[in-house]
Structure formats: structure tokens, C-alpha cells
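The values are calculated or read from the model by the stated rules, or taken from the named source; none is laboratory data. From a predicted model like this one, the values you see are computed outputs, not experimental measurements. In this analysis, Cβ positions are derived from the backbone assuming ideal geometry, glycine residues included, and neighbour counts consider all displayed protein chains.
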């Protein structure tokens with residue numbers, strides 16, 4: 001009977017920790033950290049290389065260095081950590097050259113995300129009524145790099161006609177962040 005009660009308490013704590021935002025972020029951080037720790041371990045033990053050889057992708061194998069792992073870790077953690085990577089990339093005198101060179105990839109190359117996420121974010125943040133005014137958003141992104149300085153450094157840019165018929169660019173932050181609106185026509 002004690003085991004059932006203990007199991008129920010653990011289950012309730014797990015559900016609460018996944019449902020509440022702060023513990024959920026801690027879970028996500030822990031899981032992503034574990035992912036990259038084990039990638040590093042498997043790479044050191046040459047198990048990744050063995051896996052690539054077994055699956056016939058031996059030519060694509062590339063050893064994961066610490067700078068590469070750190071960049072991938074920051075990209076997986078989202079916009080705040082991408083900004084941290086951009087600080088590393090632009091501070092050549094403060095960080096080792098290998099890290100600076102690797103983190104320069106986050107200055108102008110952010111992983112693209114689907115158009116459905118853009119629509120969902122606009123509907124959630126603006127509401128359906130205001131989002132309806134943006135009727136002709138192009139599904140294909142213009143770029144996923146720093147277009148207007150730090151405002152768009154963690155997002156992607158798409159052409160959006162607005163009510164005044166000016167062409168503007170919006171920067172959609174990665175899922176969960178607020179969209180950043182650029183009001184200057186181009």
C-alpha cells in the first residue's frame with residue numbers, strides 16, 4: 001500500500017512539474033543538457049563514429065568539438081541562448097578563437113521553423129481580429145538572419161502587407177516568444 005501512495009505522489013509531482021511553466025523549463029533545460037552530455041560521451045567513446053559506419057553514413061561523420069556542442073546546445077535552448085552565442089561571436093578578445101568562429105554561425109544562421117508556428121503565434125499574440133488584417137503573409141521567409149540589427153537576431157523575416165499597403169517585415173520569435181514588429185516600410 002505504501003508503494004502505491006508513493007507512486008501516486010511521484011505521479012502528481014511529475015504532472016505538476018510538467019504543467020507549470022517554471023518547472024517545465026527546468027525539465028527542458030535538464031533534458032537538453034543530458035542530450036548534449038551523452039552526445040559528447042558517445043563521441044569520446046567513438047560510438048557515434050561506429051553508428052555512422054553501421055548506417056552507411058561514414059562520410060558524413062564529423063567529430064563534435066566542444067565549441068560545436070556549445071553552439072548546438074544554445075540553438076536548442078532558444079532565443080535567449082542564441083543571444084548569448086551572438087555575444088560570444090562578437091567578443092573575439094574575451095573568448096577562445098574556436099568558440100568565436102563557431103558561434104559566428106548564430107549571427108546569421110538560425111534554424112528555420114514552419115509557417116504554421118508563425119500563424120499560430122500571430123493568432124495568439126494579436127488575437128484573431130487583428131491577425132485577420134494580415135491576410136497575405138508570405139509562407140516563405142525572406143531570411144533567417146540579422147536583417148535589422150538585434151531586433152530580428154533570433155527570428156525569421158517575412159513580407160507582410162498591412163492595412164496601409166506598406167510592405168513591412170515582421171520578425172517572428174521562436175515559439176513561445178512575442179513577435180517583434182518592424183514598422184519601417186522597405
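Numerical summary
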item	result
Selected residue [surrounded by 11 or more Cβ atoms within 10 Å (Cβ to Cβ) and within 23 Å of residue 108 (Cα to Cα)] from 46, 26, 72	72
Options 151, 107, 142; residue that is surrounded by 11 or more Cβ atoms within 10 Å (Cβ to Cβ) and modelled with pLDDT of 70 or more	107
Of the criteria (1) more than 19 Å from the chain's Cα centre (by Cα); (2) modelled with pLDDT of 90 or more, which one residue 59 fails	(2)
Any hit, region 50-61, residues being crowded, with 16+ Cβ neighbours inside 10 Å and either in a helix (DSSP H, G or I) or in contact with a strand residue (DSSP E or B) (Cβ under 6 Å, 6 or more places away or on another chain) (or both)	no
Meets criteria (in the same structural domain as residue 140 (by TED's automatic domain parsing) and assigned to a helix (DSSP H, G or I)) for residue 121	yes
Where residue 133 falls short, out of the listed (1) part of a helix (DSSP H, G or I); (2) farther than 30 Å from residue 18 by Cβ; (3) in contact (Cβ under 8 Å) with a residue 12 or more places away in the chain; (4) not assigned by TED's automatic domain parsing to the domain that holds residue 17	(1)
Residue that is in contact with a helix residue (DSSP H, G or I) (Cβ under 7 Å, 6 or more places away or on another chain) and modelled with pLDDT of 90 or more, where the choices are 31, 69	69
Qualifying residue in region 2-15 (condition: surrounded by 12 or more Cβ atoms within 10 Å (Cβ to Cβ) and either touching a helix residue (DSSP H, G or I) at 6+ places or on another chain (Cβ under 7 Å) or not in a helix (DSSP H, G or I) (or both))	no
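Results for (1) in a helix (DSSP H, G or I); (2) within 30 Å of residue 140 (Cβ to Cβ); (3) touching a residue at least 12 places away in the same chain (Cβ under 8 Å), shown as yes or no for each residue.
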{"residue": "41", "(1), (2), (3)": "yes, no, no"}
{"residue": "63", "(1), (2), (3)": "no, no, yes"}
{"residue": "67", "(1), (2), (3)": "yes, no, yes"}
{"residue": "71", "(1), (2), (3)": "yes, yes, yes"}
{"residue": "75", "(1), (2), (3)": "yes, yes, yes"}
{"residue": "82", "(1), (2), (3)": "yes, yes, yes"}
{"residue": "94", "(1), (2), (3)": "no, no, no"}
{"residue": "106", "(1), (2), (3)": "yes, yes, yes"}
